[in-house]
Each structure stands twice: as C-alpha cells, then as structure tokens.
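Colleague: Provided herewith is a single structure, encoded as structure tokens, for subsequent inquiry.
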Ligand SMILES: [Zn+2]
C-alpha cells in the first residue's frame, strides 16, 4: 500500500466506533422504501458534524440527500459514493443496507479529511428505496448525477467479489375480472376470476421449464376471492420477470401476457397487466473499475472469491447506464445464509460484519482515490462505458 492508502486505512480505523454507531442506529430504526426519514436525518447530521454540507430531498425524492465537503467548490472529476438505507418489511435490515450507508459515509469522511481543500470532486449521495422503489432511477432521471463521473457503492453478501451481473426486472400486477354469483345456487351465472388467475399461473409454470438460464419469473396471488360461496369476480397477483438483458426481459413479459390471454379466453374473464415503474435494467459492468476494486480488495488482505452465479436485481443496474458504476460485494456470512433473512440482518453487527464494514469503507475510499488521481484510469473507465453491452 502506498502512503495515501495507508492514510485511508488509518482514517477509517479512527472512525470505527462512529461507523458502528451509524450502522446500529439504522438497524434499530428500520424504515421501508421512501419512508427513510430517520435514516436521512441521522446520516445528514453525522455528515454535517464531519465537514459536509448536506442538501436533503434532491431529485424531488424526500428521503434522499446529497452531501458535499463544506468550504469546497464542486469540481471535476467527481466521484459519487452511494449510501442505501432502506429496510425490508417485517425483517428490517435483512439486506444489510445499514452497512452500505455506514461504509459509504465512512469512505466519504475519511477521504474528506485526506483531501482537505481539494475535496471538491467528492460527493456522497443518499439513495433511498432500493428495495422495489427504484430510488436511484428517480434521482438519475432528475439529473442528480449529471455532474458526476463515476458512482460506487458496496453491498454485503456471502462472497467477496469485485462485481457481478445483475438482472433487468419488471414488476407488475396481474388482475382478472369476472362476475359474482352464488357458488352453489347459480354457478352457471358466475365468471370465475380466481380460476383464470390459477390457469395463468399454471401456464407460466409450464413455460418456466423453457427459460434461458438468466430468465426468472416469480409471482404470488394477493387476492383470490372473498368467500367460498361467492364466485370470485376479482383475482389479483404480483409478479416479476427478470433477465440478463432488456430484450429478453421484455420478451418474458410478452409470454406472461400470452398466458393471461389464454386463461381469459378459457374462462370468459378479462385481464389487466399493470407495470410498476421504474422497471430495472441489467447492470452495465465496468471492467476497468472492477480491476481497481479488486486490487484494493487484495491490498486490504481480502481473498477474492469466485462468482457463485446467483443473481438479483438492483436500481444500480439503471444507474450504470447513466455513468460508470461499480457494485462490489463483501462477505458478512457463509454462502449457506441467504440474503433477505433475519440471520443476514443479525450478521451486520457480528464481529465479521463490523470488520467488513471497515473493509468496505476503506475499499471504497481507495477506489475513489484512484479514480480521482489517475487520468489513465478515468480514460479506461470511460472507454469501457462507451462500449455497448
Ligand atoms: Zn440490497
């Protein structure tokens, strides 16, 4: 490690207790997408105490924030460190976003101290509602990232990898409409919306055998009727289709619509598909940024793992089409423990979770440092970004 990286290491270590406290505060106060008011206030407060000026509610998203070093004029190149802080319903921080926020904040504060008056290219963006809300898409569409040259964050997981593919995703509501009737006295007068939904579900299930490895379709029934003796006139479900590129993702939605059409024809019902916006794009990876992330992981003594091939989706996918972005993972649990679980949540305060938080802050700060200080790297990153996926 060179001198500046050693200094980053030391600065992050000196912030350890403060970062653990930030993570613990978020853990104790979980807030779901777009309701992260306490988190936004708390993070802003800690940043203001550490040499940042914070603007809340950027991009017309109430629980977002943008923090810039105080007494520094914004300059280019600019790096956006990202903080996610939304939790999941019922299980709280089962995705570990408390660590993401604390690590992003730690990296920003450490770099702020090192860069001093030269910190104008440093930004920390609070990006709400990753879980199903697409907060980053709203911020990007509002132009929040326009004056920035790269975006970086870390995500806790069960492997240490500098990056991996993420799937594009469309979330949608599926509704069938029929006619009520007494289920015993006059079944011939009813039109059964639940039967239609079950038929569509089975059609989708049959199609699932024929998906490409990157294709995913999953759904639940959210309304199946009101009483057994009333033929359901309304049934509804929530579904996702996912795929490794936009074209296949959109094709999967068309196939699902066909299943609905067949079910509607068979039952005499009508149906409606309502897409929940924003839809998520697959991530556009940046090999040059990932190489730097990997070098910094190695410098920190982190063993880089093989990509396990498991895939989810994130609004970081969309953001990666606006500007070069990187989304590495650092392990806080063994591979047996899935994300979105109470075990994963509890691991954020384990000694491994604590160590990973510090490692993540260092890795992000070092990567941002490299980006800000190397014109050759920035050129390579831009060249990667210009290539279409
Ligand atoms: Zn997450």
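Colleague: Please give the FRET efficiency for residue 261 paired with residue 183, using the beta carbon to beta carbon distance and R0 = 25 Å, rounded to the nearest 0.05.
Modeller: Numbers: r = 26 Å, r/R0 = 1.03.
So, using R0 = 25 Å, E works out to roughly 0.45.
Colleague: Mean-square fluctuation check for the chain, GNM, Cα pairs under 10 Å: which of 82, 377, 364 is largest?
Modeller: In this elastic network of the chain, the residue with the biggest mean-square fluctuation among 82, 377, 364 is 377.
Colleague: With just the Cα atoms defining each centre, how far is the stretch 27-67 from the stretch 159-218? Give it in Å.
Modeller: 37 Å
Colleague: Sequence gap at least 6, Cα distance under 8 Å: using those rules, report the relative contact order of the stretch 202-291 to the nearest whole percent. Mind dumping the intermediate values first?
Modeller: Numbers: 74 pairs, mean separation 19.9, N = 90.
That works out to 22 percent.
Colleague: In percent, what relative contact order does the stretch 1-108 have, based on Cα pairs under 8 Å that are 6 or more apart in sequence? Before the final figure, lay out the partial values.
Modeller: Details: 127 pairs, mean separation 32.0, N = 108.
With pairs under 8 Å counted, the relative contact order is 30 percent.
Colleague: Against the empirical 2.2 N^0.38 Å scaling, what ratio does the C-alpha Rg of the chain come to? Intermediate values should be presented prior to the final figure.
Modeller: Working: Rg = 23.3 Å, N = 389, 2.2 N^0.38 = 21.2 Å.
Normalised Cα radius of gyration, the chain: 1.10.
Colleague: Where a ≥ b ≥ c are the square roots of the eigenvalues of the C-alpha gyration tensor, would you call the stretch 226-271 rounded, which needs a/c under 1.5, or, failing that, prolate if a/b is larger than b/c, or oblate? Show your work: numbers first, answer last.
Modeller: Working: a/c = 5.29, a/b = 2.18, b/c = 2.42.
Note, shape of the stretch 226-271 comes out oblate.
Colleague: Could you work out how much longer the chain between residue 305 and residue 379 gets when fully extended? Use 0.36 nm per residue separation minus the Cα distance between them, nm to one decimal. Intermediate results must be reported in sequence, preceding the final value.
Modeller: Details: separation 74, 0.36 × 74 = 26.64 nm, distance 2.76 nm.
Between residue 305 and residue 379, full extension yields an extra 23.9 nm.
Colleague: Please give, to one decimal in nm, the separation of the simple spin-label points placed at residue 91 and residue 21, each 7 Å out from Cα toward the Cβ.
Modeller: So the two model labels end up 3.0 nm from each other.
Colleague: Relative contact order of the chain: what whole-number percent is it, with Cα pairs under 8 angstrom and at least 6 residues apart? All intermediate terms of the calculation are to be shown ahead of the outcome.
Modeller: Details: 853 pairs, mean separation 83.9, N = 389.
That works out to 22 percent.
Colleague: For the stretch 292-319 and the stretch 342-379, what is the separation of their C-alpha centers, rounded to whole Å?
Modeller: So the separation of the two Cα centres works out to 10 Å.
Colleague: Please give the helix 375-386 orientation as an angle from the longest Cα principal axis of the chain, in degrees from 0 to 90, rounded to the nearest 10.
Modeller: Value to nearest ten degrees: 10.
Colleague: Using only Cα atoms, tell me the angle between helix 246-267 and the longest principal axis of the chain; keep it within 0 to 90° and round to the nearest 10.
Modeller: Long axis of 246-267 versus the principal axis of the chain: about 20 degrees.
Colleague: If each DSSP helix of 4+ residues adds -39,500 (n - 2.57) and the sum is divided by the residues in the chain, what number results at 222 nm, nearest 500 deg cm²/dmol?
Modeller: -13000 deg cm²/dmol
Colleague: Is the stretch 1-109 rounded, prolate or oblate when judged by the Cα gyration tensor, a ≥ b ≥ c being the square roots of its eigenvalues, rounded requiring a/c under 1.5 and prolate requiring a/b larger than b/c? Before the final figure, lay out each step's value.
Modeller: Values: a/c = 2.10, a/b = 1.31, b/c = 1.60.
Because a/c hits 1.5 or more and a/b fails to exceed b/c, the stretch 1-109 counts as oblate.
Colleague: Let me ask you something else. If you build a Gaussian network model of the chain, linking Cα atoms that sit under 10 Å apart, which residue out of 244, 301, 143 swings the most?
Modeller: Comparing 244, 301, 143 in the GNM, the peak value goes to 301.
Colleague: Any idea what diffusion coefficient the stretch 185-330 gets from Stokes-Einstein, in µm²/s, Kirkwood Rh on alpha carbon pairs, 25 °C, 0.890 mPa s?
Modeller: On the way: Rh = 18.4 Å.
Translational diffusion coefficient: 134 µm²/s.
Colleague: Mind telling me which of 233, 281, 214 comes out most flexible in a GNM of the chain, alpha-carbon contacts under 10 Å?
Modeller: 233
Colleague: Considering only DSSP beta bridges where both residues belong to the stretch 1-139, give the percentage that are antiparallel (nearest 5). Let's see the in-between values first.
Modeller: Details: 9 of 14 bridges.
Within the stretch 1-139, antiparallel bridges account for around 65 percent of the total.
Colleague: Additional query: Where a ≥ b ≥ c are the square roots of the eigenvalues of the C-alpha gyration tensor, would you call the stretch 214-297 rounded, which needs a/c under 1.5, or, failing that, prolate if a/b is larger than b/c, or oblate? Could you put the intermediate results ahead of the total?
Modeller: On the way: a/c = 4.41, a/b = 2.64, b/c = 1.67.
The shape class here is prolate.
Colleague: Compute the long axis of helix 351-373 from its Cα atoms, compare it with the longest principal axis of the Cα atoms of the chain, and write down the angle in degrees, 0 to 90, nearest 10.
Modeller: Once rounded, the angle reads 70 degrees.
Read-outs throughout are calculated quantities, based only on the coordinates presented, and are distinct from any laboratory measurement. Keep in mind that this is a model prediction, so the values were computed, not measured. Positions of Cβ are generated from backbone atoms using ideal geometry, with glycine treated the same way; all protein chains shown enter the neighbour counts.
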